[in-house]
Amino acid sequence: MLGSKKEIKAALPDSYYKNIYEIDYSKLKKQNINAILFDIDNTIANVDDLNIPSKTKELFQNLKKQNFKILLFSNNHKKRVLPVARILNIEALYEADKPRKIAYQKALSILNSKKENTVAIGDQILSDIIGAKKYGVKAILVDQLSKKNNLKTGMAQKLGVHIENKLTKKNLFKQGKYYN
């Protein structure tokens with residue numbers, strides 16, 4: 001893993017921010033990005049928590065006003081994803097099977113968007129960044145909201161930390177050193 005330049009390129013996020021509120025969405029608009037795939041757990045809400053902060057609701061309302069197409073894009077199950085989608089009044093794809101190519105094809109089909117006009121935002125290099133980059137979608141990494149994980153997110157996070165460590169050793173990435 002991460003032996004070839006192609007694998008390294010796929011693991012590096014295009015941008016890295018502390019959280020979803022720090023992202024410069026107007027810059028994305030200038031780059032012709034009009035569709036956003038948001039991970040849920042530890043990206044927009046704590047793992048398995050249905051309490052969506054008002055700050056998050058406001059952000060999503062503002063993004064919709066800016067005519068972004070938004071999709072909750074999660075490997076989590078229907079009972080987790082759909083209530084959050086209803087709260088935010090946006091489309092959702094649950095049990096997406098990220099980082100597989102088919103997941104991104106389905107997501108873009110739902111939003112009627114193209115790869116070059118889409119960005120994926122998430123907290124995990126393995127499921128959120130590598131899948132997007134391999135499919136040709138711009139990818140933004142954010143820090144985890146919480147250290148709490150469930151079984152699925154915990155396994156992916158452990159593998160992601162291994163990947164981060166390899167990237168750090170190659171002086172290509174450092175957690176907490178944000179860039180855009």
### Query
Which ones in segment 145-180 are modelled with pLDDT of 70 or more, of a type in the set (S, T, N, Q) and either touching a Phe, Trp or Tyr at 6+ places or on another chain (Cβ under 6 Å) or in a helix (DSSP H, G or I) (or both)?
Asn165, Thr168
### Query
Which of the residues that make up segment 29-86 are in contact with a strand residue (DSSP E or B) (Cβ under 8 Å, 6 or more places away or on another chain) and among the hydroxyl-bearing types (Ser, Thr, Tyr)?
Thr43, Thr56, Ser74
### Message
Every residue in segment 122-142 that is in a loop (DSSP other than H, G, I, E, B) and in contact with a Gly (Cβ under 6 Å, 6 or more places away or on another chain), please.
### Response
Gln124
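Report yes if Asn67 is touching a residue at least 24 places away in the same chain (Cβ under 8 Å), on the phi > 0 side of the Ramachandran plot and out of contact with any Asp or Glu (no Cβ under 8 Å at 6 or more places or on another chain), otherwise no.
Working: touching a residue at least 24 places away in the same chain (Cβ under 8 Å): yes; on the phi > 0 side of the Ramachandran plot: yes; out of contact with any Asp or Glu (no Cβ under 8 Å at 6 or more places or on another chain): yes.
Yes.
Against the definition (in contact with a Phe, Trp or Tyr (Cβ under 8 Å, 6 or more places away or on another chain), of a type outside the set (Phe, Trp, Tyr) and within 16 Å of Asp143 (Cα to Cα)), how does Ile36 come out, yes or no?
Values: in contact with a Phe, Trp or Tyr (Cβ under 8 Å, 6 or more places away or on another chain): yes; of a type outside the set (Phe, Trp, Tyr): yes; within 16 Å of Asp143 (Cα to Cα): no.
It is false that Ile36 is in contact with a Phe, Trp or Tyr (Cβ under 8 Å, 6 or more places away or on another chain), of a type outside the set (Phe, Trp, Tyr) and within 16 Å of Asp143 (Cα to Cα).
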### Task
Give the residue that is nearest to Asn165 (Cα to Cα), with candidates limited to residues of segment 123-136 that are crowded, with 24+ Cβ neighbours inside 10 Å and touching a strand residue (DSSP E or B) at 6+ places or on another chain (Cβ under 7 Å).
Ile125
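Is it the case, given these coordinates, that Asn51 is within 15 Å of the chain's Cα centre (by Cα), at pLDDT below 95 and assigned to a loop (DSSP other than H, G, I, E, B)?
Working: within 15 Å of the chain's Cα centre (by Cα): no; at pLDDT below 95: yes; assigned to a loop (DSSP other than H, G, I, E, B): yes.
It is false that Asn51 is within 15 Å of the chain's Cα centre (by Cα), at pLDDT below 95 and assigned to a loop (DSSP other than H, G, I, E, B).
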### Candidate set from segment 84-121 (those that are among the polar types (S, T, N, Q) and part of a helix (DSSP H, G or I)); member that is surrounded by the fewest Cβ atoms within 10 Å (Cβ to Cβ)
Ser109
### Task
Would you check if there is a residue in segment 21-28 being in contact with a helix residue (DSSP H, G or I) (Cβ under 7 Å, 6 or more places away or on another chain), over 22 Å from Lys177 (Cα atoms) and hydroxyl-bearing (Ser, Thr, Tyr)?
no
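The values are calculated or read from the model by the stated rules, or taken from the named source; none is laboratory data. Please read all numbers here as calculations on a predicted model, not as lab measurements. Neighbour counts run over all protein chains shown; Cβ positions are idealised from the backbone, glycine included.
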